[in-house]
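**Student:** The structure that follows is given in the form of structure tokens.
The values are calculated or read from the model by the stated rules, or taken from the named source; none is laboratory data. All values derive from a computational prediction rather than experimental measurement. All Cβ positions, even for glycine, are placed from backbone atoms using ideal geometry, and neighbour counts span all protein chains on display.
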């Protein structure tokens, strides 16, 4: 059977270049053998992310800033979890520690059962490359590259041949409904299209966990709804684990759990009512 390139959020009868919100019924087969680790919500015994006693301290002149203070958190495979809180509460610092971008002062992080710290830099880079995809508020697309060239970069960095990387990138763009914009540079795309290119880049190397830092922060309400519909559908159809830092309660409400932070601590960790009933 040929791999499917049906876009997430696409109407079965056709594609007009826009997302159409909602979850397509039934099972959808993603491109590539073993594309995303499809694990039913809460079914995996090994957490996708498990952090214990995390502290992050910074020196600011004569003062010590406790950006993250003794945080314990578990994200199960297949969950879609929001992290909220006021500016400066530590949510982005926590995301950076969980993703291996910023090493904690103390504490431990396990990624699908493997330690993220206490290993060599090369081993951590390999672990991050295997398990994580990233979506940022500012898209972080290279302006001189086309959409497909931006998306294929993770595959080229992993050592895939140029032809295989190009094929994978085109399939990833098709999944987000942008196969007809593959040769466009970022400046030739709308904000929503740029973020969809960023999503395609995040999923092209088949990660099991996608980490998002304010993924709709630079988008208008309508486009934010489209992008969140895309991420939600990936979570529900493919079992992708998402951890989303956001200040927007409407974004958090589309997740299964919301973690609220204050002053470097987790203030609350609540499962939304609709998932409590399942």
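**Student:** If you check 246, 216, which single one turns out to be touching a helix residue (DSSP H, G or I) at 6+ places or on another chain (Cβ under 9 Å), under 30 Å from residue 65 (Cα atoms), surrounded by 21 or more Cβ atoms within 10 Å (Cβ to Cβ) and modelled with pLDDT under 90?
**Tutor:** Values: 246 fails: modelled with pLDDT under 90.
So the residue among 246, 216 that is touching a helix residue (DSSP H, G or I) at 6+ places or on another chain (Cβ under 9 Å), under 30 Å from residue 65 (Cα atoms), surrounded by 21 or more Cβ atoms within 10 Å (Cβ to Cβ) and modelled with pLDDT under 90 is 216.
**Student:** OK, next. May I ask you to verify whether residue 104 is farther than 22 Å from residue 228 by Cβ and buried (at least 23 other Cβ atoms within 10 Å of the Cβ)?
**Tutor:** Numbers: farther than 22 Å from residue 228 by Cβ: yes; buried (at least 23 other Cβ atoms within 10 Å of the Cβ): yes.
Considered against the rule, which asks whether it is farther than 22 Å from residue 228 by Cβ and buried (at least 23 other Cβ atoms within 10 Å of the Cβ), residue 104 comes out as yes.
**Student:** Looking only at the stretch 110-128, decide whether some residue is buried (at least 23 other Cβ atoms within 10 Å of the Cβ), in contact (Cβ under 8 Å) with a residue 40 or more places away in the chain and over 22 Å from residue 197 (Cβ atoms).
**Tutor:** Yes, the conditions are met somewhere in the stretch 110-128.
**Student:** Sticking with this one: Can you name every one of the helices (runs of 4 or more DSSP H) wholly within the stretch 80-173 that holds 3 or more residues which are in contact with a strand residue (DSSP E or B) (Cβ under 9 Å, 6 or more places away or on another chain)?
**Tutor:** Hits in the stretch 80-173: 91-99, 121-131.
**Student:** Let me ask something else about it. Restricting attention to the stretch 253-265, report how many residues are surrounded by fewer than 20 Cβ atoms within 10 Å (Cβ to Cβ) and either within 17 Å of the chain's Cα centre (by Cα) or under 28 Å from residue 130 (Cβ atoms) (or both).
**Tutor:** Total meeting the criteria: 3.
**Student:** Report, by residue number, each residue of the stretch 174-204 that is outside any helix (DSSP H, G or I) and more than 16 Å from the chain's Cα centre (by Cα). Let's see the steps before the verdict.
**Tutor:** Initially, the stretch 174-204 is screened for residues outside any helix (DSSP H, G or I), giving 176-178, 182-185, 189-190, 204.
Listed by number, the residues that qualify are 177, 178, 182, 183, 184, 185, 189, 190.
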